[in-house]
1. Hey, got the dipole for the stretch 13-86? About the Cα centre, +1 on K and R Cβ, -1 on D and E Cβ, debye to the nearest 20?
2. Quick one: length gained pulling Ser47 to Ser82 fully straight, 0.36 nm per residue minus the C-alpha distance?
3. What range in the chain is the longest one free of trypsin sites (Lys or Arg not before Pro) that are in a loop by DSSP and have at most 10 other Cβ atoms within 10 angstrom?
4. Could you count how many Lys pairs in the chain have their Cα atoms under 26 Å apart, skipping same-chain pairs fewer than 8 positions apart?
5. Using DSSP to define loop residues, name the chymotrypsin sites (Phe, Trp or Tyr not before Pro) in the stretch 1-91 whose beta-carbon has at most 13 other beta-carbon atoms within 10 Å.
Amino acid sequence: MSLTEKAPEPGTVEAAIVMWINTEPNINQSKATDGGYEGWAQLQFYSFLKHIAPGAEVMREQHIFLNTSQKVDIFIKNPDGSRTAIELKLRTKSETRQDF
C-alpha cells in the first residue's frame, strides 16, 4: 500500500514520513538523480525525526537483528520505553511502482 492511498494516523511513523516528504524542499531533485537517493533520505529523515521528537533517542544504522551483520536504517527509543525500527526503501528514478 502506498502512503498516498489514505491519510496516516497522527503520531505514527507513517504520518512523520508524509510530513517530511511534504516539507523537504530537495526531495524531488534528489529523486531525479541516477544511482538512487536512499542514503540521502535516511540522513534527512533522521535529522527531521530528531527535530520533531526531541525527547526520543533517534539513531541510524543500528544492529538490532540476530544476524549481527544487518543494521536497521533508523531506530528510535521513545521516552515511554517503546522502540521503533524503520527500514526505508526508495525507488530509483528508473524503477516503477510495479518493479518495486
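What follows is calculated from the coordinates using simple rules that are stated; it is not laboratory data. As the structure is a computational prediction, the values presented were derived from the model and not from experiment. Here Cβ is always computed from backbone atoms with ideal geometry, including for glycine, and neighbour counts include all displayed protein chains.
1. Values: 6 positive and 8 negative charges, 31 e Å.
Around 140 debye, computed over the stretch 13-86.
2. Details: separation 35, 0.36 × 35 = 12.60 nm, distance 1.99 nm.
Here the segment from Ser47 to Ser82 would lengthen by 10.6 nm.
3. With a cap of 10 other Cβ atoms within 10 Å, the longest stretch comes to 7-88.
4. Taking the chain as the scope, the lysine pair count is 14.
5. Of the chymotrypsin sites (Phe, Trp or Tyr not before Pro), the ones in loops of the stretch 1-91 whose Cβ has at most 13 other Cβ atoms within 10 Å are Phe65.
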